[in-house]
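First comes the structure, then the notes that go with it.
The values are calculated or read from the model by the stated rules, or taken from the named source; none is laboratory data. These numbers were taken from a predicted model, which means no experiment stands behind them. Because the Cβ atoms are built from the backbone with ideal geometry, glycine has one as well, and the counts that use them run over all protein chains shown. Ligands, DNA and RNA are excluded from the accessible area calculation, which covers all protein heavy atoms including side chains. Shrake-Rupley method; radii C 1.70, N 1.55, O 1.52, S 1.80 Å.
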Amino acid sequence: MKQCTHADALPHPEPVPLGETCPECLRDGTDPVQLRLCLTCGHVGCCDSSPNRHATEHHRETGHPVMRTHEPGEDWRWCFVDHVLV
């Protein structure tokens, strides 16, 4: 089973969210479907089911490897680099 090679390098405690919603969606006037939190810097971005996929765009621009869901009642993480749940 493939494992994430980046989880051990994440900051503890995890970063505080930089906002309550996706700032790029706010700027563009679009609605996010669900939100994701970058576990390197705290950027909040919309998921890949959203029109502009800003969480994935954030990973591509920054190289930050792991995000977690920023949805109430959910608690999972995804590694963009290793393509696995953390």
When restricted to THR30, THR62, THR21, the only residue in contact (Cβ under 8 Å) with a residue 24 or more places away in the chain and hydroxyl-bearing (Ser, Thr, Tyr) is THR62
For the range 1-52 the number of residues that are crowded, with 20+ Cβ neighbours inside 10 Å, of a type in the set (Lys, Arg) and farther than 15 Å from ARG77 by Cβ is 0
Here the residues within the range 72-86 that are out of contact with any strand residue (DSSP E or B) (no Cβ under 7 Å at 6 or more places or on another chain), open to solvent by 70 Å² or more (accessible area, probe 1.4 Å) and under 16 Å from THR56 (Cα atoms) are HIS83
Counted residues in the range 33-46 being out of contact with any Cys (no Cβ under 9 Å at 6 or more places or on another chain) and either free of Cβ contacts under 8 Å to residues at least 24 places away in the same chain or closer than 15 Å to VAL81 by Cβ (or both) come to 3
